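The structure under discussion appears below in the form of C-alpha cells.
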Amino acid sequence: MSLILDTLHLSHNGEAHLDGLSASFARGSLTTVLGRTLAGKTTLMRAIAGLQRIDSGTMERDGQAFGTLPAWQRDVAMVYQQFINYPHLNVFDNIAFPLRKRRLPEVDVRQRVESVLSMVGLSNFAGRKPSALSGGQQQRVALARALVRKADILLLDEPLVNLDYKLREQLREEFRGLLTSQSDGTVIYNTTEPAEAMMLGDRIIVMHQGRILQTGTPAEVFERPANTLVAGIVNDPPMTILSGRLDHGRIVFDGGVELAASAHLKNLPHGLYRFGIRATEIEPSEGRGIPGRVTFSEVSGSETFVHVETPFGEAVMQLEGVHQVTDGSQIGLSLAPERLFAFAADGEGALLRAPGQGEN
Amino acid sequence: MASIHLDQIGHSYGTAVYALEKTDMHFEDGKTYALLGPSGCGKTTMLNIISGLLTPSDGRVLLGGTDVTRTRTAERNIAQVFQFPVVYQSKTVFENLAFPLHCRGWDRSRIATRVAEIADLLGLTSRLSQSARRLTADEKQLISLGRGLVRNDVAALLMDEPLTVIDPHMKFDLRRRIKQANDQTRHTVVYVTHDQNEAMTFADEVLVMSAGRVVQRGTPQQLFEAPRNLYVGNFIGSPGMNFVRAERLDGDLRLDGVPLVGADRCRGIAPDAEIVLGIRPEHIAFAQGEELGVPASIVSAQDHGSLLVVDVAVGSDRLRMKVRRDVSFPAGQARLRVSSDQVRLYVDGVLVN
Amino acid sequence: MLSTLKYIAVVLWSAFVVAPLLWALTTSFKTANGVTGGPTYLPYIGFEPSLDGWRSLFGGAGGIDIVRPYMDSLIVTSSASLISIVLGTLAAYGLSRFEYRAGFVKNTDIIFFFISQRIMPPIVLAIPFFLMLQFLGLLDTKIGLILVYVALLLPIAVWIMVDFFDGVPRQIDEMAMLDGCTPFEAFWRIVLPNSMPGILVASMFCVIFGWNDFFFAFTLTFTDTQLLPVAVVSLNSSVTPWWSLSASALVSVAPLILIAIFVERLLSRGTLAGAIR
C-alpha cells in the first residue's frame, strides 16, 4: 500500500466534510470513490492535493508523510468537473506547461506532449486555444495535461458530469483505456454513478457524510453491500427495501403477502427484517405477488424503470426495452425469493445475508 | 393551451450554414414533445423560435392557428423554464408563485386558491411561507415551473434543459414531479434535452435532432425499436445499436455464415445493395445447448452492476451485448443467439421495411 | 432601410462629437481678428492663418512654455498609474484569493474600506493632503503629487481588479500550483496573462483621472512643479487668448485620443477575446 490516509478530519464552518476517514491505495490501481453529492468526495481529493488543509490526521506516501507539504511540492495531478485549462495557452502549451515548469529539455517536452495528444485524439488541435474547442475536447486536454506528467497520484473529480449524455458514455470508455495506462501511479476517480464506478474501478470506496461506508472490489460492494445505505448508493435505480418478518421459513409482509424463504435465508433467526431486492429481480405478475400502484415510470434509452407504491414500501422494477406503463395503474410484483437480501431491521440496516450467501 | 405550428421555419445566425434547416413542424395541443440531441444540434434554436426570443430567418410560427412570428415573447403567453432556476430571491415561495397573477390583477382570494392548487401539484405546500433564497436548486427549479403553470391560460410550456444544474440524486424526484404536473395540466410542452432518459420519460413524442435537422420523430418505443437511421440507432439506447454488414446468400441474410433474417424481409431491396443489420445489445444472448448460434469470441466484459456489457467479435465486426450479472458465460469462444424479428435492416444508412 | 438609418445616426453623432475638435483646430490657427470676426472655418478664405497660438505654447509672446508642464504631467500620471496598478493588482489578488481576518474585519470589509476613501469630496481631502505634504517637505514636488494620486487611484484599481479576479475560476490557480507553481508563480505566469482586460480597464481609469486632474495639482503645487491642466488654465488672462487655449487643449487631449485608438485596436483585433470572460 503506497498511499495511506489515516483518520482525516476536516471541517469547514462547523460542518464536518471529512469525519475520521482512513483509506489506503495501492500503486498501479484505480480506485473509484462513489457517493452522492456532498458526500465529501471532492474534499477528500482537495485534501490529498494539498488545496485544503486537514484539521487532523496523517497522509503518507511510501512511508513519507506529505500532509504538511504545500500543493506545489506534492506530485499530484487533478482533473476537475469544470473544464479547467489555461485560457491564454494553446492546447500544446497547456499540456507542455507542467513539463516546462520542471525544466525538461524541449525535445522531451515535444515528444511527450505529442504522444499524449495522439492518445487523447487531439493531434490536429495542438495550435488551438481551449476556448475554440468543444466541452469534450476541453476535458480531453485537461486529462492530457494530467497524464503527461506521469504524476504519482492522479485525481479525477467527476470529470464527465458536465458532458452530454452520449459523449459521457463514449469518454468513459476512452478514459478507461487511458487511465489503466498509468501503470505506476495511483488513480482516484470520483463519481456519483454506480455503473461508472463499477466499470472503471479496480476497487470502490463508498462514501457518505465524510465517512467511508464500505471498501471492496466492484463485485464485493455490489453483491455484498454493507448496509441499506450502501445498497441504495451502489444501485441505480436504488434497491427496493421492504419491511417484513421471517417466520418458520416464510417471509411475511404485513397484510398477508407471503413468500417461501429460499435456502439462503432459512437459517436466519425469526423476527423483523428489511428485505432488499434489485430492480432487475422484480417482475410484473398477473394478479399475484405484492400488490401495488404505479406512481411513475421512467424510460432510459433501453430500459424502463417502474416505480410502484406497495403497502410495504416503494419498489422499483426494471424492465428490458421501452414500455408504456400508465401511471396510477394497479400492478402485481413478483420477487424472486432467492434474490432477496436480508438487512437488520434496526440501526443502519447492516447486511445479514446476501443471495448465494450462507447456504450449506 | 394551443397547438404550435412551425411553417417552413429555418434559421441561420447570419452565416451560410443553417443552425436550423428549413422544416415544417406541428406540435399537437396538450401533448408533450422532447427535442433531443447533442449540443449544437439546433434544438435550443428551435425552442427560442417558438418562444420568440429569436426571430427565424425563414418561415412563420403559428400558435393555436395565429401567426405570432413578429409577436414579442411577452405577448405570446408562453411559460418557460430555463437551465438555471429563476426565482425572486427576496420573496417567499407563495409570493413567487402569486407574482404572475398579481401582474394580471387577480383578486386575493382567487390567487390564494390557485397558488395552493399549484403548490399541491408540485409538492411545495409545506414551503409556501419560506423565503425563496434558502431553497435548494431543485426546489427553485420547481418554483420556476410553478410560476409558469400558475397562469391557467398559457399557450405552451417550454423547458430548456431544466435538470442540468440539479444534483444527480435529486434529479429522480424532480423528474417525477415534473411528469406528474404535466400529466395533470396537459399543456402543450416542448422539452429540450441532451439526455435520452429525460426525453423518453417525459415525452409522448421525441424529435431526435442532429446538425440542424430533425432526423427522426416518434414515440420512445419507435425510437428504440425502429431507429430510422444509424445516427438514431446509436444515439438512443445505452450502449447504442450494433451495426454489422450482412452476407447475402440464397436470399437469406447471414452473419458469419449463420442465417439470421429470411429472404421475405429482403423483398424490394436491390440484389446488389449492401445491407447493414442493426441489432440492439439487449437482443443478443448466449445460445443454449445445441441451439444454432453465431460463433463469436469474447473480447472483454464491463461490469455495470446488474448488467454486464460484453464486447464480442464476430468475424471482423465488434458487437456489444448485455448480459445479466447472474448469467455465467464462457471465456473465449461462444455462440450468440440473435432474436431475428428484432433485427433491423439498413441500406445506405437508412431503415428499410 | 434599417442600416441606412443606422448610418445616418452614426454620421450625426460623429458630427456632434467631432465639431468641437474642428472648432478648436481652426481657432488655434487664428489671431484676435480671426476670432472676433464671426464664425469662419476655412483658412485663407475665412481667415488669415497664423501660428501665433502654437508659438505661444513654446515660450512665444503672451504665452507659456508648455513643454515642462507636459513632461511633468506625463511623469506624474504614468508613475502614479503604474504604482497604483502594480500595488492594486497584487492587493486585489490577495483579497480575491485568500481569507483575511482581523477580529470582525473580513475581506469584504477591507474592500469597502478601500472604496470608502472615495466617498469624501476632494475638497475635504485637500487640506489634510496639504498639511501632510508640507510636513514631509513634499509640497510643490512631483513625488508629493504622485503619492497623492496613488492614494486616490489605488482604491479604484483594487476595486476593479478584485471584481475581475473574482470572475477568474480559482481552479486555474490551483491547477497551476498542482503543476508545480508557487502561489506567486501561479499568479505571475497564469493568472496575470489572463487578466489583461481587467488591467487595461483599470489603467485607463487611472491614466484618465491622473491626466485630467486639476484640483489637486492646483492646490498642492505652485511654481517648481506645474501640471498641464494648471498650465493651460494659467493662459487665461483678462483678454482670453482663444488661439493659445485651443492649441493647448488639442495638445492636452492628444494622448487620451491615442490611448482610445490603441484600446479600440486591441478590442477589435480580438487580442482580449478568448481570455477569461
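Between C:Tyr44 and B:Tyr13, the modelled labels are 5.5 nm apart [label points 7 Å from Cα along Cα→Cβ]. Using θ = phi - 60° in the Karplus curve 6.51 cos²θ - 1.76 cosθ + 1.60, the 3J(HN,Hα) couplings for region C:49-59 round to x, 8, 9, 4, x, 5, 4, 5, 6, 10, x Hz; x is entered for Gly and Pro. Students often get this wrong: which residues of region C:105-123 have the backbone nitrogen under 13 Å from the point 7 angstrom along Cα-to-C-beta of C:Phe218? Flagged as within label range: C:122-123. The contact residues of region B:163-187, meaning those that lose at least 10 Å² of 1.4 Å-probe accessible area when all protein chains sit together rather than their chain alone, are B:Asp167, B:Pro168, B:His169, B:Phe172, B:Arg175, B:Arg176, B:Lys179, B:Gln180, B:Asp183. For B:Ile275, the residues whose amide H sits under 5 Å from its own are B:Ala246, ignoring neighbours fewer than 5 places away on the same chain, with H placed 1.01 Å from N.
Within the set of other residues whose C-beta is less than 15 Å from the C-beta of C:Gly210, count the net charge using Lys and Arg as +1 and Asp and Glu as -1. Could you put the intermediate results ahead of the total?
Details: positive: C:Arg118, C:Lys142; negative: C:Asp72, C:Asp213.
Residues near C:Gly210 contribute 0 overall.
For peptide A:79-89, the mean count of partner chain Cβ atoms within 10 Å of a residue's Cβ comes to 5.
Using the Cβ-Cβ distance between A:Leu38 and B:Gln184 with R0 set to 30 Å, the FRET efficiency from 1/(1 + (r/R0)^6) comes to roughly 0.40. For chain A, how big is the tail of P(r) above 25 Å, as a whole percent of Cα pairs? Beyond 25 Å sits 61 percent of the P(r) for chain A. Within chain C, the whole DSSP H helices whose Cα atoms reach 27 Å or more along their own axis and whose mean Kyte-Doolittle score is at least -1.0 are C:2-28, C:67-97, C:142-166, C:242-269. Give me the percent of DSSP beta bridges within the protein assembly as shown that run antiparallel, rounded to the nearest 5. About 75 percent, rounded to the nearest 5.
Over 27 Å between Cα atoms, which of A:Lys41/B:Lys140; A:Lys41/B:Lys179; A:Lys41/B:Lys91; A:Lys166/B:Lys43 qualify? Intermediate values should be presented prior to the final figure.
Working: A:Lys41/B:Lys140 25 Å; A:Lys41/B:Lys179 31 Å; A:Lys41/B:Lys91 34 Å; A:Lys166/B:Lys43 16 Å.
Where the Cα-Cα span goes over 27 Å, the pairs concerned are A:Lys41/B:Lys179; A:Lys41/B:Lys91.
One chain, two ends: B:Lys91 and B:Lys31. Fully extended at 0.36 nm per residue, the span grows by 18.3 nm beyond their Cα-Cα distance. Each of C:Leu258 and C:Ile8 was given a label point 7 Å from its Cα along the Cα-to-Cβ line. The distance between the two points is 3.9 nm.
GluC sites (Glu not before Pro) within region B:246-341: which are DSSP loop residues with at most 14 other Cβ atoms inside 10 Å?
Details: sites: B:Glu247, B:Glu274, B:Glu282, B:Glu290, B:Glu291; in loops: B:Glu274, B:Glu290, B:Glu291.
Sites meeting the loop and neighbour criteria: B:Glu274, B:Glu290, B:Glu291.
For C:Asn33, what is the net charge nearby, where nearby means another residue's Cβ is under 13 Å from its Cβ and Lys, Arg count +1, Asp, Glu -1? It works out to a net charge of -1. Placing pseudo-labels 7 Å out from each Cα toward the beta carbon at A:Asp93 and C:Ile127 gives an inter-label distance of 5.5 nm. With a cut-off of 13 Å between beta carbons, the residues surrounding A:Ser22 carry a summed charge of -2, where Lys and Arg count +1 and Asp and Glu -1. DSSP beta bridges confined to chain B are antiparallel in about 75 percent of cases. Among the trypsin sites (Lys or Arg not before Pro) in region B:1-86, those located in a DSSP loop and surrounded by at most 12 other Cβ atoms within 10 Å of their own Cβ are B:Arg70, B:Arg72.
When the surface is traced with a 1.4 Å probe over the full set of protein chains, A:Val306 keeps roughly 0 Å² accessible. Calculated mean residue ellipticity, 222 nm, chain C: -22000 deg cm²/dmol, from DSSP H runs (n ≥ 4) at -39500 (n - 2.57) each, averaged per residue and rounded to 500. For the modelled label position 7 Å from the Cα of B:Ser328 along Cα-to-Cβ, which residues of region B:263-298 have backbone nitrogen atoms closer than 20 Å? Output list for this probe position: B:285-291, B:298. The dipole here belongs to chain C: it is taken about the Cα centre, uses +1 on the Cβ of Lys and Arg and -1 on the Cβ of Asp and Glu, and is about 380 debye. In chain B, taking the dipole from charged Cβ atoms about the Cα centre, the farthest positive-side position among B:Leu277, B:Tyr191, B:Val81 is held by B:Val81.
When each pair of different Cα atoms in region B:242-351 is counted once in the 1/r mean, what is the Kirkwood radius in angstroms, to one decimal? Intermediate values should be presented prior to the final figure.
Numbers: mean 1/r = 0.0689 Å⁻¹.
It is 14.5 Å.
Work out the charge dipole of the protein assembly as shown with +1 on the Cβ of Lys and Arg and -1 on the Cβ of Asp and Glu about the Cα centre, then indicate which of B:Cys103, B:Val208, A:Ile48 is farthest towards its positive end. With unit charges placed on the Cβ atoms, the residue in question is B:Cys103.
Can you give the mean number of other chain Cβ atoms that lie within 10 Å of the Cβ atoms in peptide B:227-236?
Values: counts 0, 0, 0, 0, 0, 0, 0, 2, 3, 4.
Counting other chains' Cβ atoms within 10 Å and averaging over B:227-236 gives 1.
With an 8 Å cut-off on Cα pairs and a minimum separation of 6 or more residues, tell me the relative contact order of region B:4-235 in percent. The partial results should precede the final answer.
Values: 436 pairs, mean separation 66.0, N = 232.
Once normalised by length, the contact order is 28 percent.
GNM, chain B, Cα, under 10 Å: largest mean-square fluctuation among B:Ser306, B:Ser51, B:Ser39? Of the options given, B:Ser306 has the highest mean-square fluctuation.
Scanning chain A for trypsin sites (Lys or Arg not before Pro) that sit in a DSSP loop and have at most 12 other Cβ atoms within 10 Å, the longest stretch containing none of them is A:104-287.
Exposure here means at most 14 other Cβ atoms within 10 Å; with chymotrypsin sites (Phe, Trp or Tyr not before Pro) in a DSSP loop as sites, the longest stretch of chain C lacking them is C:105-213. Of the residues A:Phe343, A:Trp72, A:Val257, the one whose Cα sits farthest toward the positive end of the charge dipole of chain A, with +1 on the Cβ of Lys and Arg and -1 on the Cβ of Asp and Glu, is A:Trp72.
Tell me, which longest segment in chain A has none of the GluC sites (Glu not before Pro) that fall in DSSP loops with at most 13 further Cβ atoms within 10 Å? Please list the in-between numbers first.
On the way: sites that count: A:Glu286, A:Glu348, A:Glu359.
So the longest stretch without any such site is A:1-285.
Rounded to the nearest percent, how much of the accessible area of region B:4-235 (1.4 Å probe, protein heavy atoms only) is carbon and sulfur?
Working: 4490 of 9520 Å².
Result for region B:4-235: 47 percent of the exposed heavy-atom area is carbon or sulfur.
Enter the mean number of other protein chain beta carbons within 10 Å of the beta carbon of each residue in A:276-282, as an integer. Working shown, then result.
Details: counts 0, 0, 3, 1, 6, 3, 0.
Per-residue shielding by partner chains comes out at 2.
In a DSSP loop and with at most 15 other Cβ atoms within 10 Å, the trypsin sites (Lys or Arg not before Pro) in region B:237-306 are B:Arg267.
Equivalent-ellipsoid semi-axes (√(5λ), Cα gyration tensor) for the protein assembly as shown, whole Å, largest first? Display every interim value, and only then the final one.
Details: eigenvalues 845, 261, 188 Å².
Each semi-axis is the square root of five times an eigenvalue, giving 65, 36, 31 Å.
The values are calculated or read from the model by the stated rules, or taken from the named source; none is laboratory data. A quick note: this is a predicted structure, and the numbers were derived from the prediction, not measured. Don't worry about glycine lacking a Cβ; one is built from the backbone with ideal geometry, like all the others, and counts go over all protein chains shown. Only protein heavy atoms, including side chains, enter the accessible area calculation; ligands, DNA and RNA are left aside. Shrake-Rupley method; radii C 1.70, N 1.55, O 1.52, S 1.80 Å.
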